[in-house]
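Structure, as structure tokens:
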Amino acid sequence: QEGSLCAQHCLNNLLQGEYFSPVELSSIAQQLDEEERMRMAEGGVSSEEYRTFLQQQPSVNMDDSGFFSIQVISNALKVWGLELILFNSPEYQRLGIDPINEKSFICNYKEHWFTVRKLGKQWFNLNSLLMGPELISDTYLALFLAQLQQEGYSIFVVKGDLPDCEADQLLQMIRVQQMQRPKLIGEEAAQSRDQRLPRSDVDQAIEVNHPFDGTGMLDEDEENFQRALALSRQEIDMEDEEADLRRAIQLSMQGSRRSELSGSLPQNVPQSSPSSQTDSLSSEELRRRRQAYFEKQQQQLQQQDQTPNLQDKATLSSSTPEPGSGGDMSEEDMLQAAMNMSLESVRNHLNSEEEK
């Protein structure tokens, strides 16, 4: 559709041919304007009504957008012996005619006109805003017209014999089926544009914040994945180390406690089993002893940094232990040996599992 020449398209779709041009319709509109001016002048050219009429827009039957009034359309159809009757007028309603028994309708809402016509044995919506004709079934026609009225359309029944056309002759012999309703002109382009806009905005935002070089997003995903794997492995290693350290401390505490009890208890007093001694140690006790062990290890490292010949002194002190220090060194040695034994047993167990 060009401009707002919907009245021209409405008439040509009704007659199924290029019978009217904008120039011809403008000529009809100008003729109607002149007739109205002459009627207004009959009351006197100096009257207030006549001066008000002249001060209005150049024409009440057309405008610069290509709109034409119902009077222009009605006069144009009179050339073909056709007449327009308002569909919801009392005169027509008294006739009680079923819409499917008519031949065509002209519908108007504000400045838009379109035709609904029967071609062959089927009804079609010939709205020039659609990409093509829309098939309307006989059972849906009355509902379609009623819906248009509810939307504010004025509907006119076209009375008279329409000129013969090729489409009418062809559809008298065959019936058509329409699987999909035709879209409005520009609807498909608007949908594709709406679908592209969000992506365009997102792409623009990404380019502003993180310029895309073809690999940035892939590298970032890979980096996040590798970081997650590293954290997972670290947690597993920490759990395994924590378990090994706990077992080593338990074994060390068992050995130390057995040596202390064996020296202090009489020979005839039965010693407690290792399992009962381990059970008597609470988790808080283990945590405190483990903390003390770590603090001692840290102190030893600091002493090694301050006195490089600490190893020689340690060797000398082992041969001639000072009073009060033998117990501490013996406990540390036993703790280290217990840790080594625990780790060795874990490795042996893992090796046996792999051989299986």
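The values are calculated or read from the model by the stated rules, or taken from the named source; none is laboratory data. Bear in mind the structure is a predicted one, so any value in this text is a computation, not a measurement. Here Cβ is always computed from backbone atoms with ideal geometry, including for glycine, and neighbour counts include all displayed protein chains. Surface accessibility is based on the protein's heavy atoms, side chains included, excluding ligands, DNA and RNA. Shrake-Rupley method; radii C 1.70, N 1.55, O 1.52, S 1.80 Å.
Evaluate the following for Pro90: is it farther than 16 Å from Cys10 by Cα and without any contact (Cβ under 8 Å) to a residue 12 or more places away in the chain? The answer is yes for Pro90.
Do we have Ala29 as within 30 Å of Leu143 (Cβ to Cβ) and crowded, with 16+ Cβ neighbours inside 10 Å here? No; evaluated as a whole, the condition is false for this residue.
Name the residue that is farthest from Leu135 (Cα to Cα), counting only residues in region 85-120 that are out of contact with any Cys (no Cβ under 9 Å at 6 or more places or on another chain) and β-branched (Val, Ile, Thr). Among them, the one singled out is Ile85.
Exactly one residue among Glu111, Glu134 is on the phi < 0 side of the Ramachandran plot, within 39 Å of the chain's Cα centre (by Cα) and surrounded by 15 or more Cβ atoms within 10 Å (Cβ to Cβ), and that residue is Glu134. Taken as a whole, the structure places Asp164 among residues that are without any contact (Cβ under 8 Å) to a residue 40 or more places away in the chain, more than 39 Å from the chain's Cα centre (by Cα), at negative phi and not in a strand (DSSP E or B).
Pairing residues of region 132-161 that are closer than 18 Å to Leu119 by Cβ and of a type in the set (Val, Ile, Thr) with residues that are part of a helix (DSSP H, G or I) and open to solvent by less than 70 Å² (accessible area, probe 1.4 Å), at Cβ distances under 6 Å and at least 6 apart in sequence or on separate chains, gives Ile136/Phe144. Residues in region 21-67 that are out of contact with any Asp or Glu (no Cβ under 9 Å at 6 or more places or on another chain) and either closer than 18 Å to Lys110 by Cβ or among the aliphatic types (A, V, I, L, M) (or both): Val23, Leu25, Ile28, Ala29, Leu32, Met38, Ala41, Val45, Leu54, Asp64. Meeting the requirement of 1 or more residues that are of a type in the set (S, T, N, Q), the strands (runs of 3 or more DSSP E) wholly within region 93-141 are 104-109, 112-119, 122-126.
Within region 31-83, the residues that satisfy the criterion of being part of a helix (DSSP H, G or I) and modelled with pLDDT of 90 or more are Gln31, Leu32, Ile70, Gln71, Val72, Ile73, Ser74, Asn75, Ala76, Leu77, Lys78.
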